[in-house]
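Heads up: the structure comes next, in C-alpha cells.
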Amino acid sequence: MSNRLNATIATVAVLCLAGGAGYWLYARGAAVALPAAASSPAPTPPAPRDDFRSLPAKPSGELARVTAAAADPGALRSGEILEYTADVAKLSNVADLRLQIAERRNFLGKSAVHLQAFARTENPLRMMFELDDQFDSYSDAGSLTSLQYEMHLSERGQKVDSVQRMTATGKDPAPANVTEARVLPGTRDPLGLMQYLRTVDWSKAREVSGPVYDGHKLYDVKSTLASPSTPVVVPAGHFDASKVEIRVFQNGVELSDAHFFAYFAHNDARTPVLLEAVMPFATARVALTTKK
C-alpha cells in the first residue's frame with residue numbers, strides 16, 4: 001500500500017469526524033506535513049470573496065430566516081460521547097474515532113462548550129501509519145463560533161501541540177504558548193462546524209454558510225440540504241436522516257480534492273450517524289458505532 005494512500009486513509013477519517021472540513025490535509029499530498037508548534041502569531045487569513053457570505057452579528061432578510069431556523073443549541077448535550085469506525089474503499093475499520101461534548105463552562109468570560117475529537121488508527125494500518133490525535137475546541141455556547149482551537153497530534157512518531165486563540169479584533173493578545181489567530185467575525189473551527197450543523201433544523205433551513213478556520217487557513221464552507229429523508233444503516237442501527245452536502249471554497253474557488261456529506265438522524269439530538277468523503281480514487285465512510 002502506498003504511503004500516499006496510508007496517509008490519506010488516516011487523515012480523511014480523522015477530518016471527517018472533526019467536522020467535514022478536512023479537505024486541507026488531503027490536499028497536502030502523500031506526506032502529511034505536521035504544523036509547526038504554536039510560537040508566534042498566525043498570519044491573518046485572507047477575507048473570503050464577496051460572493052460568499054460570512055455570518056453577520058445581526059442577520060437580515062433571507063439569511064435571518066436561515067440562521068433563525070438553525071438556532072437550537074439545546075440539541076447538544078454535555079457528556080455525550082459518539083464513537084465511530086472509519087472505512088476507506090474496501091478497507092474496513094482503519095481507524096476508531098470519538099466525538100464528545102466534554103462540558104459547558106465559562107471561557108474568557110463567555111458561556112462556552114468544550115468539544116473534543118480523538119482518532120486512532122487500527123491494525124493493520126497502524127503498523128504502517130501510527131496516528132493518535134486529539135482536537136479540542138472551545139466554542140461559544142450559543143453560536144458555536146470558535147474561541148480557541150487546539151491540535152495535539154501524534155503521527156508516525158512526531159508530536160505537535162498547537163493552541164490557537166481566535167480574535168476578530170486583535171485587541172486581546174494571546175498568553176504565552178498560545179498563538180493569536182486573526183479570523184473573521186462568525187468563524188468556526190472544524191469541531192464547532194460539525195456541532196453547529198446539528199443545531200440546524202433541516203426541515204426549515206435549506207442552506208447555511210460561513211467562514212471556517214482549520215488552524216492553518218480560512219475557508220468558506222457552504223452546507224446545503226441534499227435530501228430531507230434518507231435511510232442510513234450503520235453499526236449503531238437503522239436511521240432516517242437528513243443528508244447534507246458540505247462544499248468548501250477558498251478565495252471564491254471550490255476545492256475539488258474531496259466532496260463531503262453528513263447524515264443527521266431525525267431525533268432530538270440530530271445525531272451525526274454517517275460522514276462521507278468522496279475522493280478521486282476512493283470514498284471514506286465514518287459510521288456511528290455507539291452513542292453514550
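A few remarks follow.
- Hits in region 179-229 - residues which are outside any helix (DSSP H, G or I), more than 13 Å from R247 (Cα to Cα) and small (G, A, S): A181, G186, S203, A205, G215, S227, S229
- Inter-residue pairs, beta-carbon under 8 Å, first more than 14 Å from R285 (Cβ to Cβ) and in region 85-103, second basic (K, R) and surrounded by fewer than 17 Cβ atoms within 10 Å (Cβ to Cβ), 6+ apart: I101/R77
- Test for E103: is it surrounded by fewer than 16 Cβ atoms within 10 Å (Cβ to Cβ), assigned to a strand (DSSP E or B) and at pLDDT 85 or above: yes
- Restricting region 262-275 to residues that are in a strand (DSSP E or B) and in contact (Cβ under 8 Å) with a residue 60 or more places away in the chain, the residue that is farthest from the chain's Cα centre (by Cα) is F264.
Yes/no per residue for (1) in contact with a Phe, Trp or Tyr (Cβ under 7 Å, 6 or more places away or on another chain); (2) in contact (Cβ under 8 Å) with a residue 12 or more places away in the chain; (3) among the β-branched types (V, I, T); (4) closer than 11 Å to D189 by Cβ:
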site: S111; (1), (2), (3), (4): no, yes, no, no
site: P124; (1), (2), (3), (4): no, no, no, no
site: M128; (1), (2), (3), (4): no, yes, no, no
site: L131; (1), (2), (3), (4): no, yes, no, no
site: A141; (1), (2), (3), (4): no, yes, no, no
site: H152; (1), (2), (3), (4): no, yes, no, no
site: R156; (1), (2), (3), (4): yes, yes, no, no
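- Region 147-168, residues that are of a type in the set (G, A, S) and in a strand (DSSP E or B): S154, S162
- Selection within region 162-171: residues that are in contact (Cβ under 8 Å) with a residue 24 or more places away in the chain and under 20 Å from G186 (Cβ atoms). The member of this set that is surrounded by the fewest Cβ atoms within 10 Å (Cβ to Cβ) is Q164.
- Scope region 158-199; condition among the basic types (K, R) and touching a Ser or Thr at 6+ places or on another chain (Cβ under 9 Å); matching residues: R165, R182, R188, R198
- Residue that is modelled with the lowest pLDDT [pool: residues in region 151-188 that are aliphatic (A, V, I, L, M), more than 17 Å from the chain's Cα centre (by Cα) and under 14 Å from D214 (Cα atoms)]: A181
- Among the residues of this structure, F261 counts as one that is buried (at least 19 other Cβ atoms within 10 Å of the Cβ) and either closer than 23 Å to S92 by Cβ or in contact with a helix residue (DSSP H, G or I) (Cβ under 7 Å, 6 or more places away or on another chain) (or both).
- Any hit, region 242-255, residues being among the basic types (K, R) and within 14 Å of the chain's Cα centre (by Cα): yes
- Condition met for D189 (among the acidic types (D, E), surrounded by 23 or more Cβ atoms within 10 Å (Cβ to Cβ) and under 30 Å from N267 (Cβ atoms)): yes
- A89, sole failed condition from (1) of a type outside the set (S, T, N, Q); (2) modelled with pLDDT under 90; (3) touching a strand residue (DSSP E or B) at 6+ places or on another chain (Cβ under 6 Å); (4) farther than 21 Å from L197 by Cβ: (3)
The values are calculated or read from the model by the stated rules, or taken from the named source; none is laboratory data. Treat the numbers as computed from the prediction; the structure is a model and nothing was measured. Reconstructed Cβ throughout: ideal geometry from the backbone, glycine too, with neighbour counts over all protein chains shown.
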